[in-house]
Amino acid sequence: MNTRDTLKINAAGRLQIGGADAVELAKKFGTPLYVFDEKHIRDMMRVYRNAISRLYGGNGLVLYASKAFSCKAVYAIAKSENIGVDVVSGGELYTALQAGFPADKIYMHGNNKLEYELEFAVKSGVGVIVVDSFREAEILDNLAAAAGIKQRVIARINPGVEAHTHAYVQTARTDSKFGFSIADGSAEEITRHLLGLKNLDFKGYHCHIGSQIFEKQSFVIAAGKLMDFICEIKQKLGYEAEILNLGGGFGVWYNDEDPKLQLEDYYGYMQCVIDEIKDKAEKYALKQPFLVIEPGRSIVGEAGITLYTVGAIKDIPGVRKYVAIDGGMFENPRYALYQSKYTVIVADRADAECTQKVSIAGKCCESGDLIAVDVPLPEVNSGDILAVLTTGAYNYSMASNYNRNFIPPAVLVNEGKAEYIIKPQNYEDLTRNDVIPDRLVKNDR
Ligand code: LLP
């Protein structure tokens, strides 16, 4: 079972999420179905917000990195928790604004934001835009001039810390499509450039060292390097950055190879990072910068599960047993993309002993369409409900209509009650934008 009390086994031996029986949810809403526990999402937002208010005097802002799961309801939750959000496209920005999210608490990211996206952001009053290229700085300066405003910006820095789940490496690596490298001098160069642009209000720096990271030291090193850089720039240019945005990256539990972090562990990550910032600020006689963090996966990842109905079962003796579900890579492409490992549960008999290893196959027309390979499972039959755990982050947000399958709906569970937050698609939705040119109708070449 996962980390906290989000998932339980009820008296009937069935999987329960946020107090709701998973098998009943499957019956009521159909499968495949994304299910989110609202309490888990709120608890995670709060743990970061509390860390900043208690350990750092409230001098900062938590942004939910909405690329992990973007829909109107999640922005509404973030708004009610009084945190900000990060968006990476016009589409995410539009969704947030439609949900009534305050524009000034939105940060916008992207290594190649398009001009219409930047214009949309400037006109909507987006709080801070994270500049990732010289070209973008020029475009933004012109857009801000046209709008008659001074746009607040920060610059994305590549600090040369590469983080992996359980390790980190420090490199002078400049080979990344993101950010301005400290090592090759481009971080200093963009600083000089942004300070010279009249319509931009240059506020500081951002970095993001990776995702699904458990190694505390990687976050501390990155924070330290950015503070070193702020000090260096102050000495050279007399400019002291006010905002320090350290990105996201905190890991979550997917299967037994991962640690099960409790709320206090996430608080502990924040404590280490904040201690480092305070130490360096004191050492260099700098003001403590306004601290921004952007967790995505850790807020929604373990809050979500996906429910499926088992269809065909193919046992190839001595080779492998495939259990096919009504979903697949179109609604969870993470095994196909990254060979991500998941925990799978038979929701009808969540406490049954695992007696076999099976592979969970999707319904798409390709062999690589798998959700999990050789995972332990109890006896399983066609018609059973399977739950794949920790699918709240980067599943719905990376889903597609491949093979013209429906992107599944999502429900939000709160104290045992579930409501749609994303409605089911239908065939009309799939063909809505299709056009047959007249000459094809007439069969006229
Ligand atoms: N901030 C920036 C600038 C980012 O690029 C990301 C994630 C985040 C924050 C949030 O990071 P998190 O807290 O979620 O680790 N599709 C991949 C994950 C890509 C993450 C990209 N950037 C996956 O499914 O594992």
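Rule-based calculations on the coordinates, nothing more; no lab input. The structure presented is a predicted model; accordingly, all values stated were derived computationally and were not measured. FYI the Cβ positions are ideal-geometry reconstructions off the backbone, even for glycines, and counts take in every protein chain you see.
Here are some notes:
- For Leu386, the residues 5 or more places off, or on other chains, whose built amide H falls under 5 Å of its own are Tyr308, Thr309, Val310, Ala347.
- Summarising the label geometry, the points placed 7 Å from Cα in the beta-carbon direction at Glu242 and Ala146 lie 2.7 nm from one another.
- Links that overshoot a 24 Å alpha carbon limit, given the list Lys8/Lys321; Lys236/Lys287; Lys79/Lys417; Lys67/Lys177: Lys8/Lys321
- In order along region 30-47, the phi-based Karplus estimate (6.51 cos²θ - 1.76 cosθ + 1.60, θ = phi - 60°) of 3J(HN,Hα) comes to x, 10, x, 9, 8, 10, 10, 9, 4, 4, 4, 4, 5, 4, 5, 4, 5, 5 Hz; Gly and Pro are listed as x.
- Residues in region 394-419 reached by a label modelled at Ala76 [backbone nitrogen below 14 Å; 7 Å Cα→Cβ]: 410-414, 418-419
- Think of it as helices only: each DSSP H run of n ≥ 4 in the chain is worth -39500 (n - 2.57), and spread over all residues that comes to -9500 deg cm²/dmol at 222 nm.
- Ranking of Tyr116, Tyr64 by neighbouring Cβ atoms within 10 Å, starting from the fewest: Tyr116, Tyr64.
- Whole-number percent relative contact order across the chain, with pairs defined as alpha carbons under 8 Å at least 6 apart: 20 percent
- Each of Lys287 and Leu195 was given a label point 7 Å from its Cα along the Cα-to-Cβ line. The distance between the two points is 1.6 nm.
- Simple label model, 7 Å out from Cα along Cβ direction - Ser400 to Asn381, nm: 3.7 nm
- Other-chain or far-sequence residues with amide H under 5 Å of Glu162's (modelled H): Val169, Gln170, Thr171
- Beta-bridge orientation, the chain: approximately 50 percent antiparallel, per DSSP, counting only bridges with both partners inside.
- Value of relative contact order over region 109-295, rounded to a whole percent, pairs C-alpha under 8 Å and six or more apart: 19 percent
- Mean separation of Cα contacts under 8 Å (6+ apart) over length of region 1-145, as relative contact order %: 14 percent
- Sequence-ordered 3J(HN,Hα) estimates for region 111-119 from the Karplus curve with 6.51, -1.76 and 1.60 and θ = phi - 60° stand at 7, 8, 4, 7, 4, 5, 6, 5, 5 Hz, glycine and proline given as x.
- Taking the centroid of alpha carbons for each part, region 285-319 and region 1-60 are 12 Å apart.
- For region 254-259, 3J(HN,Hα) computed residue by residue from phi via the Karplus equation (6.51, -1.76, 1.60; θ = phi - 60°) reads 10, 8, 5, 7, 9, x Hz, glycine and proline entered as x.
- Computed extension gain for Tyr116 through Glu232, at 0.36 nm per residue and net of the alpha carbon distance, reaches 38.2 nm.
- Counting only DSSP beta bridges whose two residues both lie in region 268-410, roughly 85 percent are antiparallel.
- Each Lys or Arg adds one and each Asp or Glu takes one away; over the other residues whose Cβ falls under 13 Å from the Cβ of Lys417, this sums to -4.
- Annotation: the antiparallel percentage among DSSP beta bridges lying fully within region 109-295 is about 20.
- For region 105-128 versus region 218-271, the gap between their alpha-carbon centres in whole angstrom: 24 Å
- Amide proton proximity set for Tyr394, modelled H, under 5 Å, gap of 5+: Phe69
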